[in-house]
Amino acid sequence: MTARGMYLTEQQNPHAGFRSGEASGPRAKTGEHDEEDDWNHCLGRGRHGVGRLRHRSHRAGPAGAGERVWRAYLSTQATGLADPGFVNARDRIGPGPWRNAMGVLVANSVEDLHSPSSNLTKDTALDERGRPVKGRTDQPMEHDILTGSRPDGTAFPGAPFADMSCGNWTKSGPDGSAMTGHHDRAGPIAASWATSWNSSHPTRGCHPEGLRSTGGAGLFYCFAVK
């Protein structure tokens with residue numbers, strides 16, 4: 001069984017992953033692949049907030065990883081409770097197994113990734129160069145990773161319930177919110193929400209100041225589908 005990859009990466013050009021001048025459109029909500037809209041990187045550090053985050057797949061990745069399709073671990077919400085048009089992050093990332101940029105096993109399968117045996121930690125959730133991402137005890141703290149997901153990797157219910165995906169990754173201002181996880185499994189207390197890698201707490205808005213106020217930098221997880 002061939003192992004697929006998983007990584008966090010820093011976007012050098014914020015507009016490659018955060019396009020504040022464009023609407024996301026219906027294809028961005030479905031997770032369908034559009035060759036003309038591939039990212040240079042799967043995960044972005046947004047200087048302009050979360051807005052217009054392209055919910056796509058792409059073929060770039062860590063050096064030496066070969067030709068692979070990478071997808072962001074992001075859920076989207078439907079417009080209403082009876083609308084089936086939501087996307088679960090867990091359904092976007094393929095079957096596994098996944099290894100990080102250093103070849104360390106993160107999870108064997110989707111179920112394993114969302115189980116207590118998951119090996120997604122600060123030591124394994126590295127960027128594409130094998131470098132650690134700043135955690136709770138580092139400065140600046142950047143352990144809030146955008147997911148828009150519940151602990152099992154599924155989407156939150158749509159309206160009239162709260163926005164947990166920054167308007168399906170289109171908002172860039174103080175309004176809205178997105179669920180985050182702690183890649184270092186660390187929080188102010190040893191509670192399940194504080195140590196969850198994918199569903200710890202929502203952001204304070206969708207702008208850079210709001211993300212930074214709780215320890216985030218607009219990062220998200222990237223998994224190889226194949």
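The values are calculated or read from the model by the stated rules, or taken from the named source; none is laboratory data. Fair warning: this is a prediction, and the values are worked out from it, not measured in the lab. Cβ: placed from backbone, ideal geometry, glycine included. Neighbour counts: every protein chain shown.
Summed over region 95-114, residues that are assigned to a strand (DSSP E or B), surrounded by 18 or more Cβ atoms within 10 Å (Cβ to Cβ) and aliphatic (A, V, I, L, M) total 2. Of the residues making up region 81-90, one or more are touching a helix residue (DSSP H, G or I) at 6+ places or on another chain (Cβ under 7 Å) and closer than 21 Å to His182 by Cβ.
Criterion first (closer than 30 Å to Ala82 by Cα, at pLDDT 95 or above and touching a Ser or Thr at 6+ places or on another chain (Cβ under 6 Å)) does Ser177 satisfy it? Taking the combined requirement at face value, the residue satisfies it. Only one of the numbered conditions (1) buried (at least 22 other Cβ atoms within 10 Å of the Cβ); (2) closer than 30 Å to Asn108 by Cβ is not met by Cys166, and that is (2).
Among the residues of region 154-198, those that are assigned to a loop (DSSP other than H, G, I, E, B) and within 16 Å of Ala72 (Cβ to Cβ) comprise Thr154, Met164, Thr170, His183, Trp197, Asn198.
Of the residues screened, Ala125 is not one that is in contact with a Phe, Trp or Tyr (Cβ under 6 Å, 6 or more places away or on another chain) and over 29 Å from Ala82 (Cβ atoms). Hey, does region 141-154 have a residue that's crowded, with 18+ Cβ neighbours inside 10 Å, under 21 Å from Asn100 (Cβ atoms) and of a type in the set (Lys, Arg)? No; the residues of region 141-154 include none that is crowded, with 18+ Cβ neighbours inside 10 Å, under 21 Å from Asn100 (Cβ atoms) and of a type in the set (Lys, Arg).
When region 67-78 is filtered for residues that are modelled with pLDDT of 95 or more and either surrounded by fewer than 18 Cβ atoms within 10 Å (Cβ to Cβ) or in a strand (DSSP E or B) (or both), only Thr76 remains.
For region 115-133: of the residues being among the basic types (Lys, Arg) and touching a residue at least 24 places away in the same chain (Cβ under 8 Å), which is surrounded by the most Cβ atoms within 10 Å (Cβ to Cβ)?
Lys122
From the list Asp144, Asp127, Asp83, the lone residue that is more than 25 Å from Gly173 (Cα to Cα) and modelled with pLDDT of 95 or more is Asp83.
Restricting attention to region 198-216, which residues are touching a helix residue (DSSP H, G or I) at 6+ places or on another chain (Cβ under 9 Å) and crowded, with 17+ Cβ neighbours inside 10 Å?
Asn198, Thr203, Gly205, Cys206, Gly216, listed by residue number.
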